[in-house]
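Every number here is computed from the coordinates shown, using simple stated rules; none is lab data. This structure is a prediction, so every number in the text was calculated from the model and none was measured. Virtual Cβ from ideal backbone geometry, glycine too; neighbours counted across all protein chains shown.
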Amino acid sequence: MSMVVANLPVQPPPLAAMPVDVLSPTLMPLVVNLLGALAILLVGWLVAGLAARSVRSLLRRTQLDERVAHAIRDPERPGQRNLRLDRLLAALVFWVVLVLALVAALNALNLTTVSEPLNDFLSQIFSFLPQLGAAGLLAALGWMVASLARAVLLQTAQQLQLDERLFSPEEEDDSDPTAPGLLSSQTLANLLYWLILLFFLPLVLNALNLGNQLLPLLNLLNTFMAAVPLLAKAATIAVVGWLLARTVRTLVRNLLGSTGVDQLGEGMGLDPQQPGQSLSGLAGTVSYVLVLIPTAIAALEALAMPAIAGPAIAMLSTVLGALPQVFTAAAILALAVVLGQFLEQLAVRLFTGFGFDHWVQQLGLVEDGEAQASAQASDQVSEQISERGDEQAGPEIEVPAPRRPSEVVGVAVLGAVVLFGAVAAANVLNLPAITEIVSGLLLVFGRILAGVIVFAFGLAIANLAARLIVSSQTVQAGLLAQAARVAILGFSGAMALQQIGVAPSIVTLAFGLVLGSIAVAAAVAFGVGGRDVAAEQLRAWRDALRQQT
């Protein structure tokens, strides 16, 4: 029995029954550590809040957040919310300090298993802070330099009024004078701003030790940086050439305008009152293009990119080489037009002085000019009244007077001279296809003119013959006059068509068939209708022959 009692487990006394001196060595360090951890968390929370408030107050006083928000704001979206940099940085400082306090509290509780990951995380963050700070300083420095350069350029352009002097539209340009030009100081300032930021971008990336990861981007930036001098050289050449072209255009336009050359252009059909239609303005535009083409070639050569600039340079060189021929052809055409107008007026005066109009009217080739004009006017007024009614008839229509025969001759002379000038211009341009076409047209028009002249003479002869037959007052004079007129017109029409060259064999055959059929019809009509008369005449001839024998 005593053996069983000895093997029973010994029950520990309850905790409440333990004395205070036994509990103190066990609980007091735990309580002290817990209170210390809570104190550390409380102090850390207070310090975090104080640090966040200090950072936010400092940013508000320096207005750094507003400047950054203004720099990155999209001008095309005025209603977007601004970036609150003060709140973002204050929250970041608050949580960093609070995490540090949490790590300290965990260390005070000897909870290393929980605090070690946080320690590693904070160690990485704090080891990266110097790099991040250096990158931030470089980015801030680049932004300050870019902003300062843009502000200086804008202020200088505003004081010198570069936009008004360089980029204002021309007086003769058919454009809105309030519209901005292709280039402006604002555009150049923005270009300089982003170019400076692009220069600082590799420095910022290297400060963050991101060179290996962003090696393709860095290579691209290096390639672009290497091309920047070439681009700057080409842009300088283009801008200087463009300014020189504008200056030359203004000088040429003003010089020719002061000499009264626009009046000569007005005689050629140009309207100096319309924008861009004066002769001086056209000459200024030509000089502008002549300066711009070599400028474009020089700018493309400055790029040192044969794959891109080679075809463009070849094209511009071809155009520049063809310009003398083009100008020569244009001068020939202009001279042909001027000479044609002079010869037209001379021909009209000569033919009018010789009485050509009266002679043509006497031959009956045209009607009286006044009668023809009144007939056309009455026809148009009748059409207008029939369409709108008598009460709603519109204003009177001015009917142009019909051209006199001498004026028609003048127009023919003008057309012939212009065609000859077109042939010469096509030869200068070395365009054999166009030369052949214009030469063919000139030959066809010459044949048509010869045919018209032949038919006109035939018509005059037909009218003259008809008048002579009518004036003879013979029996059936009207019928004979019409028959003679139709015969002469048919003969002259056949000659005119043969002269024009419209299937001469067919025209000759058709004319012969018509004339032969008329002769056969006349013979048959005479034989059938005058059979008795013919028999009597034959008997009389027979009797006369018998008496003689």
**OP:** Sort the following peptides by mean Cβ neighbour count (other Cβ atoms within 10 Å, averaged over residues), highest first: 413-422, 40-49.
**Re:** 413-422, 40-49
Original post:
Between rounded, prolate and oblate, where does the stretch 192-245 land on the alpha carbon gyration tensor, with a ≥ b ≥ c its root eigenvalues, rounded for a/c under 1.5, else prolate if a/b exceeds b/c?
Top reply: prolate
